[in-house]
1. Out of the residues in region 193-210 meeting the condition of being small (Gly, Ala, Ser) and farther than 19 Å from LEU270 by Cα, tell me which one is surrounded by the most Cβ atoms within 10 Å (Cβ to Cβ).
2. Inside region 170-192, can you point out the residues that are aliphatic (A, V, I, L, M) and surrounded by 15 or more Cβ atoms within 10 Å (Cβ to Cβ)?
3. One residue is enough: does region 46-55 have a residue meeting the conditions within 26 Å of THR207 (Cα to Cα) and not aliphatic (A, V, I, L, M)?
4. When the residues of region 19-68 are narrowed to those that are of a type in the set (A, V, I, L, M, F, W, C) and open to solvent by 40 Å² or more (accessible area, probe 1.4 Å), which ends up farthest from LEU105 (Cα to Cα)?
5. Which pairs do you get when a residue that is more than 15 Å from LEU318 (Cα to Cα), found in region 175-188, comes within reach of a residue that is among the charged types (D, E, K, R) and in a helix (DSSP H, G or I), reach meaning Cβ atoms under 9 angstrom, with the pair 6+ apart or on two chains?
6. Which one of GLU277, GLU249 is surrounded by fewer than 20 Cβ atoms within 10 Å (Cβ to Cβ), more than 30 Å from LEU104 (Cβ to Cβ) and modelled with pLDDT of 95 or more?
7. What about VAL211, is it β-branched (Val, Ile, Thr), farther than 23 Å from GLU293 by Cβ and touching a residue at least 12 places away in the same chain (Cβ under 8 Å)?
Amino acid sequence: MSKLDIQVYKSIQEIDPAVWDQVAAGRGFQSHHWYTFGERAMAECEPTYLIAMDGDMPVACMALFKVHNEPLPLPAVARQFMAAILKRRPLLVCRSPLADTSALLLPGEPQRDEILPILTNAALEQFKKQRCSFLIFDYLLTEQLNYPSWPKKLEPITVSEPGTYMPIEWESFEAYLAAGDKKDRQHYKRSLKEAEANGLVLSRHTTVTDVDAALALVENVSIWHGSAPNPWIRGLLENFSMIDGTWLEIRKDEKLVGCGAVVRDNKFQLATALGLEDDVPGGYFLLLYAALEEAFKHNIRLVRFGSGAYDVKRRLGLHLENTNHAMIMMTGIPSRMTKQSKSATK
């Protein structure tokens, strides 16, 4: 491999889609089209893209976003304190927008171990140049966390709340149900009957008809879980028609009482922006099963459903993701203090 050239871009629109997608091909929520949507949905988060070129050949990519309003998993008072800090010194995060997925796109071995330190050192330069407080590579697999060529300035941490996923191994939704046990099939039928008995009507759309009503339901679910509202959900809903997605709505007596976004990229699917009123019996499972049906309709390779409600999701055949790891660096804080912070996080 000749000497690598790291090219820096400030918008995905500056990059030829064929160049970016040569590296991103087959990787979920990494396409040039997805980042075009991401820039629109997260308009206040300034992006930086790094592409490692071996001559005329792109061999690795990285997307970084400057984030002032990260929904940190902290108590409300602590979130307010951190918000004041991040307003002045934001995060620089290597993450695919709105997908809970790393934006570090590397080749396999042996090139990986040569390229990783070069690409991450270029990210460190951007971190200093943009005067950010933390550089974060999150949603890493354990395998990625243990790559030997990470720069020593970065420290590993593990956080809670992994997401969930399921490879699609069946030819149809009916075959998926048939492969489960009798209790699973009975649960599916009971869920549909419960939803029908409660007057719930499910519909599918390619746009979001009432953004404000949907946001209220999504924020309601955040309150249940005691989590910070995602500041980019409005952007996702307002720009939903840009992407390959299905917007699910549940209505009762014509009133919107439940919703969810099913988004797709490179044959991967993610269910997100789940919203429900306080008392909608059968609504949660109606949305989950509808999302699974969408995966089979669109020949998806793998579905993801985010974190939480693990007992429920195991019943559907979902597994815990192994992506709750990160590499971080803090501005002006010695490595020893970073390690103390890492220990406190565990």
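The values are calculated or read from the model by the stated rules, or taken from the named source; none is laboratory data. Model, not experiment: these values are computed from the prediction. Don't worry about glycine lacking a Cβ; one is built from the backbone with ideal geometry, like all the others, and counts go over all protein chains shown. In case anyone asks, the SASA skips ligands and DNA or RNA and just uses the protein heavy atoms, side chains included. Shrake-Rupley method; radii C 1.70, N 1.55, O 1.52, S 1.80 Å.
1. Here the answer is ALA195.
2. LEU177, LEU192 - these are the residues of region 170-192 that are aliphatic (A, V, I, L, M) and surrounded by 15 or more Cβ atoms within 10 Å (Cβ to Cβ).
3. Within region 46-55, one or more residues are within 26 Å of THR207 (Cα to Cα) and not aliphatic (A, V, I, L, M).
4. ALA43
5. Close Cβ pairs satisfying both conditions: ALA178/ARG185; LYS183/ARG315; HIS187/ARG315.
6. GLU277
7. Yes, satisfied.
To keep it simple, each residue is scored yes or no on (1) farther than 28 Å from GLY199 by Cα; (2) touching a Cys at 6+ places or on another chain (Cβ under 9 Å); (3) part of a helix (DSSP H, G or I).
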| site | (1), (2), (3) |
| --- | --- |
| SER227 | yes, no, no |
| ALA261 | no, no, no |
| ALA271 | no, no, no |
| ASP278 | no, no, no |
| PRO281 | no, no, no |
| LEU288 | no, no, yes |
| GLU294 | no, no, yes |
| VAL303 | yes, no, no |
